[in-house]
Amino acid sequence: MPQPQVFITRRLPTDLDVLQQVATVEVWIERQPPPYKVLLEKIRTIDGLLCLLTDRIDSQLIAAATSLKVISQMAVGYDNIDIPAATARGIPVGHTPGILTDATADFTWALLMAAARRVVEADRFTRAGRWLTWEPDLLLGPNITGATLGIVGFGRIGQAIARRAKGFEMRILYASKHQWDLELEKALGVEFVPFDRLLSESDFVTIHTPLSKDTYHLFSDRQFELMKPSAILINTARGGVIDPDALYRALSQGQIAGAALDVTEPEPILMDSPLLTLDNLIMTPHIASASRQTREKMANMAIENLIAGLRGAPLPYCVNNI
Ligand code: DGY
């Protein structure tokens with residue numbers, strides 16, 4: 001019997017031996033994602049697709065598949081995939097939850113601390129030869145210890161952020177679709193508050209909600225107006241949660257003090273984006289989960305999902321429960 005055909009949309013940070021024993025594997029080896037028309041051509045004949053968040057897997061693409069048994073995404077987020085379209089065709093979609101929680105929470109803290117204590121600006125300042133002497137008011141930033149942290153979205157990553165915040169003796173507020181049980185709240189030392197109150201009381205606001213039609217541009221002019229002028233916003237979730245034009249206005253007009261973004265709309269950020277002219281913004285290229293160990297485990301989990309799907313078995317980490 002011929003082996004199933006698999007297409008992987010980029011080189012993965014793990015070896016493919018296990019997969020190659022059960023499938024014929026084609027890997028897209030370019031640095032840029034395969035163009036949509038390449039995906040459209042591949043999807044017609046393959047049995048399994050291993051994709052990334054940079055691949056648009058829409059209903060047209062899914063409709064073109066004739067033998068596709070599984071879509072396995074190497075990411076926890078899956079807003080690039082039309083899940084209802086896959087479900088309607090009976091195609092299970094896998095993702096990689098849990099494994100990247102700590103790496104993402106660690107990196108969120110790296111951004112929070114870098115933005116608060118102006119680490120990137122200080123590095124630029126030093127390299128530019130501007131360090132003349134010790135100055136009492138040089139590159140001042142706010143306290144982190146004892147400040148109020150607002151966590152928007154309180155799933156695995158939001159909760160991991162709260163665990164770390166306890167070490168900084170912070171007051172921790174969270175806003176989410178529902179209130180979690182009191183035991184969890186007590187263990188993490190967090191308080192459930194309405195979104196607007198979180199915005200107006202927090203010194204740091206960090207976003208950990210998936211992108212959906214409900215969260216698209218959740219942060220726009222009105223939300224920035226509610227925030228403290230000293231507040232710092234961090235986003236390691238999805239770029240579309242923030243309206244970039246409103247963020248530019250807020251940062252350039254001093255409605256908020258700073259921001260650190262690992263994700264943007266669009267991605268990559270356009271080099272002529274006015275956001276890149278601001279000193280009070282830190283930008284990184286969607287690397288919050290990028291610890292070596294985490295990325296290797298994400299790739300292995302995606303392969304595990306893929307193999308299960310090729311065999312017609314339930315995926316260990318399935319989005320649409322097929
Ligand atoms: C995800 O997994 O959704 C992240 O954005 C990339 O690690």
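Each 10 Å bin, from zero up to the one with the longest distance, holds this percent of the alpha carbon pairs of the stretch 188-232: 24, 55, 21, 0.
In the chain, the DSSP beta bridges split such that about 5 percent are antiparallel, to the nearest 5. Straight-distance candidates among the lysines for linking to LYS69, with alpha-carbon spacing under 16 Å and chain neighbours fewer than 8 residues away dropped: LYS42. In the chain, taking the dipole from charged Cβ atoms about the Cα centre, the farthest positive-side position among LEU251, LEU19, GLY153 is held by LEU19.
From the alpha carbon centroid of the stretch 291-319 to that of the stretch 14-66 is 15 Å. For the stretch 1-96, the list of trypsin sites (Lys or Arg not before Pro) that fall in a loop by DSSP and count at most 10 other C-beta atoms within 10 angstrom reads ARG31.
For the stretch 101-283, a crude dipole built from +1 on the beta carbon of Lys and Arg and -1 on the beta carbon of Asp and Glu, taken about the Cα centre, is about 240 debye to the nearest 20. Relative intensity of the stretch 101-283 on a log10 scale, I(q)/I(0) at q = 0.11 Å⁻¹, equals -0.46, per a Debye sum over C-alpha point scatterers of equal strength in the absence of solvent. Working from Cα pairs under 8 Å separated by at least six residues, relative contact order for the stretch 1-70 is 36 percent. Annotation: amide H of TYR174 within the under-5 Å range of ILE151, GLU191, PHE192, VAL193, sequence separation 5 or more or interchain, hydrogens built in the peptide plane. Calculated FRET efficiency, ASP279 to GLN21, Cβ-Cβ distance, R0 = 45 Å: about 0.30 to the nearest 0.05. If you run the Gaussian network model on the chain, springs between alpha carbon atoms under 10 Å, then out of TRP134, TRP109, TRP180 the most flexible one is TRP134.
The lysines whose alpha-carbon is closer than 21 Å to the alpha-carbon of LYS177, local same-chain residues fewer than 8 away aside, are LYS186, LYS213. Computed from Cα atoms, the angle from the helix 101-116 axis to the main principal axis of the chain rounds to 30 degrees. Only one residue of ALA231, LEU111, VAL38 has its Cα farthest out toward the positive end of the dipole of the chain, where Lys and Arg carry +1 and Asp and Glu -1 on Cβ, and that residue is VAL38. Just to verify a number: FRET efficiency for PHE168 and ILE83, C-beta to C-beta distance, R0 = 35 Å, to 0.05? E(calc), rounded to 0.05, equals 0.40. For the options LEU275, LEU112, LEU100, a Gaussian network treatment of the chain with springs between C-alpha atoms closer than 10 Å singles out LEU275 as fluctuating the most.
Note: relative contact order over the stretch 169-275, using C-alpha pairs below 8 Å and six or more positions apart, is 23 percent. Note on the chain: with a GNM built from Cα contacts shorter than 10 Å, the maximum mean-square fluctuation among VAL38, VAL93, VAL119 falls on VAL38.
Each Lys and Arg Cβ is given +1 and each Asp and Glu Cβ -1; about its Cα centre, the chain then shows a dipole of about 480 debye. Stokes-Einstein at 25 °C, 0.890 mPa s, Kirkwood radius from Cα pairs: D for the chain in µm² s⁻¹? D, rounded to a whole number, is 116 µm²/s. For TYR36 and ARG124, a Förster radius of 35 Å and the Cβ-Cβ distance give a FRET efficiency of 0.40, rounded to the nearest 0.05.
Computed from the coordinates by the stated procedures, all read-outs in this text should not be read as laboratory data. Only a predicted model underlies this, so the values are computations on that prediction, with no experimental measurement involved. As a convention, Cβ positions derive from the backbone with ideal geometry for all residues, glycine included, and neighbour counts pool all protein chains shown.
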